[in-house]
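Asks: Got a structure here, written out as structure tokens. Questions coming.
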Amino acid sequence: MDSIEQTGNGGQPQHKRRPRYGGSHPRRFEHKYKEHNIEAYPEMRDHLLEKGKTPVTTHIPVLIEEVMENLATKPGEIVADCTVGYGGHAMEFMKRIGHNGKLIAFDVDKDELERTRERLSMENVPASFYRSNFAGIANALNKEKIDGYDIIFADLGVSSMQIDNPQRGMSYKHEGPLDMRMDDRLKQTGADLLNKLSEEELSNVLSEFADERDHEKIASMIAAERQTEPITQTSQLVELIFRAKGLSAKAWKKKQLSSKSNLLHPAALTFQALRILVNDELGSLKELLRIAPYCLRPGGRIGIISFHSGEDRLVKKSFREGVKNGTYQSAAEDVIVPQFKEINSNPRSASAKFRWAMKTV
Ligand SMILES: C[S@@+](CC[C@H](N)C(=O)[O-])C[C@H]1O[C@@H](n2cnc3c(N)ncnc32)[C@H](O)[C@@H]1O
């Protein structure tokens, strides 16, 4: 079947051949032509969502009701969405702040930011978009000529679009180059670091950023392998991890099939740790937590969704200390996590943890 796309020149429809693939359904990222143009195929989107899957060019926002309820955004407020991504949370903020409010959106990912800017410009709400690390939200205050934000919100980590694109090398599930950068201006890729760090440094990264129990064995396997050839592809790294853990791909598949619960893939923690290192994710979060109180208006709220214990510990500690020293008037007593229903319909939300705090009036 051929698809029809609008061209930019005069809106003349142009026939475009769909990519060729074997079998009845496209399996590879580049062959999923309907998912790449999901707005034109609403039945495909509904079908995937029903199966608990995310179309490859979209992202399902997590904990949306909990975020909106606890941050209690009002008409006319100024919202800094530090990680705008696909714009799911931003869209909900826009509905609440209306045309007298303003959305100030940040993201380091150039391509996704541009697509989201176009999508959100349909809403009749003032908005600015910055290709910037959220550690720089204070700089935008001057540019916007405002004294502070009413809301600072961050949904940490990577988007589904980034994970699902094999060229970004963020997932053990797809064959691709070990890039792992969310911001392509960064100098070092995952492959660069894997081939450069000492065995001891690698072992520490795996242990500190992902609590990987086999950190020493994996680091030693990487150090030995790169003597023969550089590690540049996701599949090379996955294979090394299997070997370090004494597993074969076949044995793992069998284990998975016979298990009633969803087992963590043997490579998941190593990929997570390397991605956190490449993007200095903990460094950026620490800086955001440090500057947020200076960027919030009195009574302003900050909300952060994190996806692993290292991040959540930093957020919890910062908000608790802020309440103790009077910076924050109040903070979430308990961590807020997704309900079973949300995890069921969007398994990627399973590890999300949300905390908020309110600046003293
Ligand atoms: C989980 S997604 C956000 C999804 C978004 N809330 C939505 O509803 O579509 C995280 C986004 O944050 C961006 N990001 C991660 N770290 C960042 C940082 N330090 N500064 C700016 N953007 C960052 C990523 O590029 C990604 O697009």
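The values are calculated or read from the model by the stated rules, or taken from the named source; none is laboratory data. Quick caveat: nothing in here was measured; it's all calculated off a predicted structure. Because the Cβ atoms are built from the backbone with ideal geometry, glycine has one as well, and the counts that use them run over all protein chains shown.
Asks: State all residues of the stretch 205-258 that are among the small types (Gly, Ala, Ser), free of Cβ contacts under 8 Å to residues at least 40 places away in the same chain, out of contact with any Leu (no Cβ under 9 Å at 6 or more places or on another chain) and closer than 21 Å to Gly169 by Cβ; if no residue qualifies, say none.
Replies: Correct list: Ala244, Ala249.
Asks: Count, please, the residues in the stretch 293-306 that happen to be surrounded by 20 or more Cβ atoms within 10 Å (Cβ to Cβ) and either away from the ligand (no atom under 13 Å from the Cβ) or within 24 Å of Asn204 (Cβ to Cβ) (or both).
Replies: Filtering the stretch 293-306 for residues surrounded by 20 or more Cβ atoms within 10 Å (Cβ to Cβ) gives 295-296, 300-306.
Checking the rest, the ones that are also either away from the ligand (no atom under 13 Å from the Cβ) or within 24 Å of Asn204 (Cβ to Cβ) (or both) come to 295-296, 300-302, 306.
Of the residues in that region, 6 qualify.
Asks: Additional query: Test of understanding: among Ala140, Ala219, Ala224, Ala244, which residue is of a type outside the set (S, T, N, Q) and under 30 Å from Met68 (Cα atoms)?
Replies: Ala140
Asks: I'm trying to understand the selection: among the residues of the stretch 165-196, which are in a helix (DSSP H, G or I), of a type outside the set (A, V, I, L, M, F, W, C) and crowded, with 22+ Cβ neighbours inside 10 Å?
Replies: Within the stretch 165-196, Arg168, Gly190 qualify.
Asks: Can you pull out every residue in the stretch 95-122 that is buried (at least 24 other Cβ atoms within 10 Å of the Cβ) and assigned to a helix (DSSP H, G or I)?
Replies: Correct list: Thr116 only.
Asks: If you take the residues in the stretch 62-92 that are in a helix (DSSP H, G or I) and buried (at least 22 other Cβ atoms within 10 Å of the Cβ), which one is nearest to the ligand (Cβ to nearest atom)?
Replies: His89
Asks: Report whether or not Glu281 is out of contact with any strand residue (DSSP E or B) (no Cβ under 6 Å at 6 or more places or on another chain) and farther than 29 Å from Glu239 by Cα.
Replies: Here the answer is no, as Glu281 does not meet what is asked.
Asks: Looking at Gly283 and the list (1) modelled with pLDDT under 95; (2) surrounded by fewer than 16 Cβ atoms within 10 Å (Cβ to Cβ); (3) of a type outside the set (D, E, K, R), which single condition is not satisfied?
Replies: Every listed condition holds for Gly283 apart from (1).
Asks: So, one more: Just to check your reading of the model, which residue among Leu269, Leu274, Leu264 is in the same structural domain as Glu216 (by TED's automatic domain parsing) and either basic (Lys, Arg) or within 16 Å of the ligand (Cβ to nearest atom) (or both)?
Replies: The match here is Leu274.
Asks: Check whether at least one residue in the stretch 186-198 is outside the structural domain of Ala80 (by TED's automatic domain parsing), among the acidic types (Asp, Glu) and without any contact (Cβ under 8 Å) to a residue 12 or more places away in the chain, and report yes or no.
Replies: Among the residues of the stretch 186-198, at least one is outside the structural domain of Ala80 (by TED's automatic domain parsing), among the acidic types (Asp, Glu) and without any contact (Cβ under 8 Å) to a residue 12 or more places away in the chain, which makes the answer yes.
Asks: Of the conditions (1) within 16 Å of Ala267 (Cα to Cα); (2) modelled with pLDDT of 95 or more, Thr189 clears all except one; give me its number.
Replies: All conditions pass for Thr189, except number (1).
Asks: Moving to a separate point now. Take Ile151 and decide whether it is within 12 Å of the ligand (Cβ to nearest atom), surrounded by 17 or more Cβ atoms within 10 Å (Cβ to Cβ) and outside any loop (DSSP other than H, G, I, E, B).
Replies: no
Asks: Exactly one of these conditions fails for Gly157: (1) within 14 Å of the ligand (Cβ to nearest atom); (2) modelled with pLDDT of 95 or more; (3) assigned to a loop (DSSP other than H, G, I, E, B). Give me its number.
Replies: Checking Gly157 against (1) within 14 Å of the ligand (Cβ to nearest atom); (2) modelled with pLDDT of 95 or more; (3) assigned to a loop (DSSP other than H, G, I, E, B), the one that fails is (2).
Asks: Additional query: Among (1) among the small types (Gly, Ala, Ser); (2) at pLDDT below 95; (3) not in a helix (DSSP H, G or I), where does Gly136 come up short?
Replies: (3)
Asks: Among Ser261, Ser330, Ser318, Ser306, which is under 22 Å from Ser132 (Cβ atoms), among the polar types (S, T, N, Q) and free of Cβ contacts under 8 Å to residues at least 40 places away in the same chain?
Replies: One residue alone meets the criteria, Ser318.
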